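Student: Okay, handing you the structure first.
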There are 2 protein chains.
Amino acid sequence: LSGSYRKLQFDAPVGVFDSGVGGLTVLAALRHEMPQASFVYLGDTARLPYGTKSPETVVRYALRAAEALVERGIGLLVVACNTASAVALPSLRQRFGDLPVIGVVEPGAEAACASSASGRIAVLATEGTVRGKAYERAILARRPDAQVISVACPVFVALAEEGWHDNAVARAAALAYVAPLFADPRHRPAPDCVVLGCTHFPLLSGVIAEICGPSVARVDSAQTTARSVARLGEWRAAAAPRVHCLATDGIERFARVGARFLGAALDPRDVELVDL
Amino acid sequence: LSGSYRKLQFDAPVGVFDSGVGGLTVLAALRHEMPQASFVYLGDTARLPYGTKSPETVVRYALRAAEALVERGIGLLVVACNTASAVALPSLRQRFGDLPVIGVVEPGAEAACASSASGRIAVLATEGTVRGKAYERAILARRPDAQVISVACPVFVALAEEGWHDNAVARAAALAYVAPLFADPRHRPAPDCVVLGCTHFPLLSGVIAEICGPSVARVDSAQTTARSVARLGEWRAAAAPRVHCLATDGIERFARVGARFLGAALDPRDVELVDL
């Protein structure tokens, strides 16, 4: 990744795009890595979820969302949505020429390859991401001997949005999705690395860890993406680093549910409604 | 409801509209009640879910979906989506003049009032339906002494789509959402009727019943709506009653997940992709 763009000097805000509130986990990680930068976040809440939609539809939505962010003067685009990262990066890069576009899949795959000793890597993601096989391709490009087992975990998305991270429902769902990875004889030896391949899943990291056990590495693609972005350029300190949020629907819900993902309070008055 | 329209003679197909596959529970009930009728079903899968979107957005989507069905020559429109029934019926009736438009909320409320002895009625629904208070209004209009307790159960939607109707996750979720209705001292005496106020929830009827116990009536708005529609008119027997499905995205997933809701196999080749 580091070779893809020359080291850049940024004073424009960083654009972050997701289908909804989940990408706020990526925004939180970016703010942690680059406290001096300003951000414009767009959550396409009117058309979420992307995870169950066709690649053509996801590409169309991603192009429109990116246009709205480019109009706001961003200097770099982070595609925080795993589904859009998996299918829309080539179209976005073609359409927006000079604008660096960073997805969450490549950094996640890189971190997984670095973390796994055995090369047996599990990817937990949405149906769309699993079907698109983007993590699988990105991991095998770096490590052709790797064995990737992908599991679609759509119920985790609803649990994260409901704030059920640490209750009996979350534990039962983690058991249903994750335990077979370690119990199924077809998966012997068991994976030694689990990629949380959806922005919502870091919130369930605790209950997932209870099933995996302490010897299995968990790769949080929000964190690994933020580190990749921070390494790309030098952010000039803005006088007052600013985070501005845009959403295509449901400002009140965006602020209420989004606060869980951002890990900080979000005032609905700081969220702007946009029509794409 | 029976007074709203004169008794009609139908030979045109019945249009059924939902945000996705959930409304296929209503289609299944309609086919059972009216085996001689033909149906055109539209699932707006490109823009689901409606349950978390704003009323303005849901109205806009519902009008476009209804237009597409009217272009197919329907003689009656069933709005199978609870969220759209709760907010879009007045706009639909205004826009489409003579076309009878039936939602799922009124028949569900009517059945709940008939089933409940105590007038203490619980409504399980999506966030959008609960926020819109449509069931509450419809129940109180019929029975001003009723006490309605509404619970938003968004995780049930994901469980129904995942096919987790009868496992530990479904039981834990039913316990988390439904048990407080019967344990919370503020809800004494406990409700004696539970409305399944989302098309997805009849699939979880079994685990919900385990929590409620046998003395609590469950109202399935799919069934009650189908009975209301059947009473509205006389369907002329078509030579070959036909069900045609339209979806705005993801034909393959529509057929695969939809079969669970329809309770019958669905061939992806029988589902037509439409762009609204």
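The values are calculated or read from the model by the stated rules, or taken from the named source; none is laboratory data. Just so it is clear, the model here is predicted, and its values are computed rather than measured. Don't worry about glycine lacking a Cβ; one is built from the backbone with ideal geometry, like all the others, and counts go over all protein chains shown. These area figures cover heavy atoms from the full protein model, side chains too; ligands, DNA and RNA do not enter into them. Shrake-Rupley method; radii C 1.70, N 1.55, O 1.52, S 1.80 Å.
Student: B:PRO214: more than 13 Å from chain A (Cβ to nearest Cβ) and open to solvent by 40 Å² or more (accessible area, probe 1.4 Å), yes or no?
Tutor: yes
Student: Name the pairs: first residue in the stretch B:139-166 and under 20 Å from B:ARG253 (Cα atoms), second residue basic (Lys, Arg) and open to solvent by 40 Å² or more (accessible area, probe 1.4 Å), Cβ to Cβ under 9 Å, at least 6 apart or on different chains?
Tutor: What qualifies is B:ALA160/B:ARG260; B:GLU161/B:ARG260; B:GLY163/B:ARG260; B:HIS165/B:ARG260.
Student: Would you tally the residues in the stretch B:30-46 being within 15 Å of the chain's Cα centre (by Cα) and crowded, with 24+ Cβ neighbours inside 10 Å?
Tutor: So the answer is 5.
Student: Right, B:LEU63: assigned to a helix (DSSP H, G or I), out of contact with any strand residue (DSSP E or B) (no Cβ under 8 Å at 6 or more places or on another chain), away from chain A (no Cβ under 12 Å) and among the aliphatic types (A, V, I, L, M) or not?
Tutor: Yes, satisfied.
Student: Could you say whether any residue in the stretch B:149-170 is more than 13 Å from every other protein chain (Cβ to nearest Cβ) and open to solvent by 30 Å² or more (accessible area, probe 1.4 Å)?
Tutor: Checked the stretch B:149-170: at least one residue is more than 13 Å from every other protein chain (Cβ to nearest Cβ) and open to solvent by 30 Å² or more (accessible area, probe 1.4 Å).
Student: From the set of residues in the stretch A:117-148 that are over 25 Å from A:LEU89 (Cα atoms) and touching a helix residue (DSSP H, G or I) at 6+ places or on another chain (Cβ under 9 Å), which is least open to solvent (accessible area, probe 1.4 Å)?
Tutor: A:GLY119
Student: Given B:SER85, B:SER91, which one is more than 19 Å from B:PHE254 (Cβ to Cβ), surrounded by fewer than 24 Cβ atoms within 10 Å (Cβ to Cβ) and out of contact with any Ser or Thr (no Cβ under 7 Å at 6 or more places or on another chain)?
Tutor: One residue alone meets the criteria, B:SER91.
Student: Just to be sure I understand, how many residues within the stretch B:217-263 are open to solvent by less than 20 Å² (accessible area, probe 1.4 Å), more than 14 Å from every other protein chain (Cβ to nearest Cβ) and of a type in the set (D, E, K, R)?
Tutor: 0
Student: Now, a different point. If B:LEU196 satisfies all but one of (1) within 22 Å of B:VAL21 (Cβ to Cβ); (2) open to solvent by 10 Å² or more (accessible area, probe 1.4 Å), what's the number of the condition it fails?
Tutor: Every listed condition holds for B:LEU196 apart from (2).
Student: Among the residues that make up the stretch A:82-93, is at least one of them touching a residue at least 24 places away in the same chain (Cβ under 8 Å), touching a Leu at 6+ places or on another chain (Cβ under 6 Å) and of a type in the set (A, V, I, L, M)?
Tutor: Within the stretch A:82-93, none of the residues are touching a residue at least 24 places away in the same chain (Cβ under 8 Å), touching a Leu at 6+ places or on another chain (Cβ under 6 Å) and of a type in the set (A, V, I, L, M).
Student: Out of the residues in the stretch B:210-260 meeting the condition of being touching a Lys or Arg at 6+ places or on another chain (Cβ under 8 Å) and without any contact (Cβ under 8 Å) to a residue 60 or more places away in the chain, tell me which one is nearest to B:SER116 (Cα to Cα).
Tutor: B:CYS212
Student: While we're on this one: Got at least one residue in the stretch A:173-185 being part of a loop (DSSP other than H, G, I, E, B), open to solvent by 30 Å² or more (accessible area, probe 1.4 Å), at pLDDT below 95 and not acidic (Asp, Glu)?
Tutor: No: zero hits.
Student: Restricting the stretch B:174-199 to residues that are within 20 Å of B:VAL219 (Cβ to Cβ) and free of Cβ contacts under 8 Å to residues at least 40 places away in the same chain, which is nearest to the other protein chains (Cβ to nearest Cβ)?
Tutor: Filtering the stretch B:174-199 for residues that are within 20 Å of B:VAL219 (Cβ to Cβ) and free of Cβ contacts under 8 Å to residues at least 40 places away in the same chain, the one nearest to the other protein chains (Cβ to nearest Cβ) comes out as B:ALA174.
Student: Restricting attention to the stretch B:42-59, report how many residues are over 16 Å from B:LEU27 (Cβ atoms), of a type in the set (Val, Ile, Thr) and in contact with a helix residue (DSSP H, G or I) (Cβ under 7 Å, 6 or more places away or on another chain).
Tutor: Result for the stretch B:42-59: 3.
Student: If you check A:GLY23, A:GLY15, which single one turns out to be in contact (Cβ under 8 Å) with a residue 40 or more places away in the chain and in contact with a Leu (Cβ under 6 Å, 6 or more places away or on another chain)?
Tutor: The match here is A:GLY15.
Student: Could you say which residue among A:ALA62, A:ALA68 is in contact with a helix residue (DSSP H, G or I) (Cβ under 6 Å, 6 or more places away or on another chain), at pLDDT 90 or above, closer than 24 Å to A:ALA29 by Cβ and not aromatic (Phe, Trp, Tyr)?
Tutor: After ruling out the rest, the residue left standing is A:ALA62.
Student: May I pose another question? In this structure, is B:GLY15 within 14 Å of chain A (Cβ to nearest Cβ) and either surrounded by 22 or more Cβ atoms within 10 Å (Cβ to Cβ) or of a type in the set (A, V, I, L, M) (or both)?
Tutor: no
Student: Collect the residues in the stretch A:48-66 that are open to solvent by 30 Å² or more (accessible area, probe 1.4 Å) and in contact (Cβ under 8 Å) with a residue 60 or more places away in the chain, keeping them in residue-number order.
Tutor: Listed by number, the residues that qualify are A:PRO49, A:THR52, A:PRO55, A:ARG64.
Student: Restricting attention to the stretch B:124-144, and to residues there that are outside any helix (DSSP H, G or I) and closer than 17 Å to B:TYR50 by Cβ, which single residue is modelled with the highest pLDDT?
Tutor: Among them, the one singled out is B:LEU124.
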